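Enquirer: Quick one: the structure is below, and I'll ask about it shortly.
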Amino acid sequence: MVQRVAGANVRRWVLQAGRANEALDCRVYAYAALHGMYHTRRLKLERQAQALAELIELARAKVKPEPVRGRRIRGRML
């Protein structure tokens, strides 16, 4: 909903009667968590972008990347 306040248009979220608001809440919480992780340096988007670019380059050159070897614990690969 757009309202005019002090001569300026202002957008406001108005929940319709009988409608749930969980989807918007989840989206806002996820967005806040993303920014929190980014600002605390726990999410390294630049490093992930570089790794993705390298994989794309390998795919274009049709070169298979080296297999990732994991540890086996009780028959399961980690």
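The values are calculated or read from the model by the stated rules, or taken from the named source; none is laboratory data. Quick caveat, the model's predicted, so the values are computed rather than measured. Please note: Cβ atoms are built from the backbone with ideal geometry, for glycine as well, and neighbour counts cover all protein chains shown. Surface accessibility is based on the protein's heavy atoms, side chains included, excluding ligands, DNA and RNA. Shrake-Rupley method; radii C 1.70, N 1.55, O 1.52, S 1.80 Å.
Enquirer: For region 1-11, give me each residue that is open to solvent by 80 Å² or more (accessible area, probe 1.4 Å) and modelled with pLDDT under 85. Let's see the steps before the verdict.
Expert: Step one: filter region 1-11 for residues open to solvent by 80 Å² or more (accessible area, probe 1.4 Å), giving 1-2, 4, 6, 9, 11.
Listed by number, the residues that qualify are M1, V2.
Enquirer: Name the residues in region 24-50 that are among the β-branched types (V, I, T) and under 30 Å from R12 (Cβ atoms), would you?
Expert: V28
Enquirer: Among the candidates E46, E66, single out the residue that is open to solvent by 100 Å² or more (accessible area, probe 1.4 Å), part of a loop (DSSP other than H, G, I, E, B) and either on the phi > 0 side of the Ramachandran plot or at pLDDT below 85 (or both). Give the steps one after another, and end with the answer.
Expert: Values: E46 fails: part of a loop (DSSP other than H, G, I, E, B).
One residue alone meets the criteria, E66.
Enquirer: Check whether at least one residue in region 29-42 is touching a Leu at 6+ places or on another chain (Cβ under 6 Å) and either modelled with pLDDT under 85 or not in a loop (DSSP other than H, G, I, E, B) (or both), and report yes or no.
Expert: Step one: filter region 29-42 for residues touching a Leu at 6+ places or on another chain (Cβ under 6 Å), giving 37.
Then drop every residue that is not either modelled with pLDDT under 85 or not in a loop (DSSP other than H, G, I, E, B) (or both), which leaves 37.
Yes, region 29-42 contains a residue that is touching a Leu at 6+ places or on another chain (Cβ under 6 Å) and either modelled with pLDDT under 85 or not in a loop (DSSP other than H, G, I, E, B) (or both).
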